[in-house]
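Everything on this sheet refers to the single structure shown next.
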C-alpha cells in the first residue's frame, strides 16, 4: 500500500504508509506531466466572446461578470446597458460618459476589448425594393454616420478590430453580379479604418454578398488591403444547409485572408426545405462547437498548422494575436445578434476548450496569477 495514490477533483494525494505523511500536488501539475505537448509549446489562440449573449438584461456588469466567471479576459461589445438603467444601446451609440464608465468596468473586471461587434455592411447595397426589411442608406451619409461612429468607439475602447459585413444584394439576385460595387464601398470603409490603424474583419454570413467562402475570398482579393481580413463562422455556413466537408471547403477558401474566427455551430434540420435563403425558422438550430455540422474538428486541425503565421500577421497589424470568439446563439439567433444566457455561453466555451485540448491548440483561461493581479496584494 506504500505510495498509494488517490485522485481528487482538485488535487492528487500521495499516501506513504511508512511515514504516515500525505503529500498533495495541484492537479494542473499532473496534467502538465501527463500531457505530451505542454500548453506553452502548442500553437496558441486567444479566447473571447460576445458578452451580450451571456446577459439576460444586457447590463455591462452582468456581461462582464459572466465572462470573467467563465475565465475569459477578452470580449467584444455589441448591445449593452452600461449604467444599468434599462437603456440598451448598440456600442457605437454610447456617449463619451458611457464609454468612460465602461472602461472603468473593464478595469474592475480585468477585461479587454477584442473588437467592436459592428453593424457596418448590414444595409442594402442598392436602393431597390426586394421584399426584405433591410434598410438602404446613401453611402456618403453612411460613411459619416455609422462608419465614423464605429471607428470612434474602437479607438476609445482601445481595440484594433472591427467586425463588419459585405452588404445585402437584392434578394433573389446572384450575389456575384454585385461584387464590383461591394468592392468599391468596402475599399472606402477599409481605407477610413486604415487611417486610424484599424483592421476591418469581413464576416461570412447568409443572405449577404459575402455569404460563401469563395465570394468572401474574391472580395478580399479585389479589395486588396492588408487591413481587411476575413472572419470564418462555421455556424453561419452550416446554416446554409452545408455538411462538414462543404464547411471545411468554405474555410479553406477563406484561409489565406483569415483574421479571426467566430465559434458557433449548427445542426441541420432535415425537416426544413432549403430554399437558398436563411430565415428565422433556421436560426433555432445552433449548437455547441462539438455537436453540429460545421466540421469544427476539421477546421481547427487545419488552423493549427497555420496559427504561427496567422498570429504573427495579426500582431504585426497591432492585435494581440489570433482570436477564437464564441458567439453561440444557443437560445436563439437573429439578424443583429443572438442569445445564449450565462449558462449557454459557459456550455459553448467548455465545448470549444474540449475541442482545442483534443486537437492540441493552446489557450489561456484566468488562473490564480490573474486573481493576484486584480486583488492588488
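The values are calculated or read from the model by the stated rules, or taken from the named source; none is laboratory data. Just so it is clear, the structure is predicted and the values come from calculations on it, not from any experiment. Please note: Cβ atoms are built from the backbone with ideal geometry, for glycine as well, and neighbour counts cover all protein chains shown.
Within the set 86, 97, 110, 131, the sole residue that is surrounded by fewer than 17 Cβ atoms within 10 Å (Cβ to Cβ) and touching a helix residue (DSSP H, G or I) at 6+ places or on another chain (Cβ under 7 Å) turns out to be 110. (1) under 20 Å from residue 288 (Cβ atoms); (2) more than 17 Å from the chain's Cα centre (by Cα): which one isn't true of residue 85, the others all being true? Among (1) under 20 Å from residue 288 (Cβ atoms); (2) more than 17 Å from the chain's Cα centre (by Cα), the lone unmet condition for residue 85 is (1).
On the given criteria, is residue 206 part of a loop (DSSP other than H, G, I, E, B), under 26 Å from residue 177 (Cα atoms), assigned by TED's automatic domain parsing to the domain that holds residue 296 and modelled with pLDDT under 95?
Considered against the rule, which asks whether it is part of a loop (DSSP other than H, G, I, E, B), under 26 Å from residue 177 (Cα atoms), assigned by TED's automatic domain parsing to the domain that holds residue 296 and modelled with pLDDT under 95, residue 206 comes out as yes.
Residue by residue, here is whether (1) in contact (Cβ under 8 Å) with a residue 40 or more places away in the chain; (2) farther than 29 Å from residue 173 by Cβ; (3) assigned to a helix (DSSP H, G or I) holds:
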| site | (1), (2), (3) |
| --- | --- |
| 251 | yes, no, yes |
| 255 | yes, no, yes |
| 278 | yes, no, no |
| 291 | yes, yes, no |
| 314 | yes, yes, yes |
| 344 | yes, yes, yes |
| 357 | no, yes, yes |
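Just so you know, in region 113-128 the residues that are under 19 Å from residue 58 (Cα atoms) and touching a helix residue (DSSP H, G or I) at 6+ places or on another chain (Cβ under 8 Å) include one that is surrounded by the fewest Cβ atoms within 10 Å (Cβ to Cβ), and it is 119.
For residue 310, the stated conditions do not hold, so it cannot be described as surrounded by fewer than 17 Cβ atoms within 10 Å (Cβ to Cβ) and either in the same structural domain as residue 235 (by TED's automatic domain parsing) or closer than 23 Å to residue 249 by Cα (or both).
Selection of region 359-377 for residues being part of a loop (DSSP other than H, G, I, E, B) and either closer than 16 Å to residue 67 by Cβ or modelled with pLDDT of 95 or more (or both) yields 360, 361, 363, 364, 365, 366, 367. Of the residues examined, residue 167 is one that is touching a strand residue (DSSP E or B) at 6+ places or on another chain (Cβ under 9 Å) and at positive phi. Please tell me if residue 72 is in the same structural domain as residue 151 (by TED's automatic domain parsing), assigned to a helix (DSSP H, G or I) and either in contact with a strand residue (DSSP E or B) (Cβ under 8 Å, 6 or more places away or on another chain) or in contact (Cβ under 8 Å) with a residue 24 or more places away in the chain (or both). For residue 72, the condition - in the same structural domain as residue 151 (by TED's automatic domain parsing), assigned to a helix (DSSP H, G or I) and either in contact with a strand residue (DSSP E or B) (Cβ under 8 Å, 6 or more places away or on another chain) or in contact (Cβ under 8 Å) with a residue 24 or more places away in the chain (or both) - is not met.
No other residue among 298, 229, 258, 283 is in contact with a strand residue (DSSP E or B) (Cβ under 6 Å, 6 or more places away or on another chain) and surrounded by fewer than 20 Cβ atoms within 10 Å (Cβ to Cβ) apart from 283.
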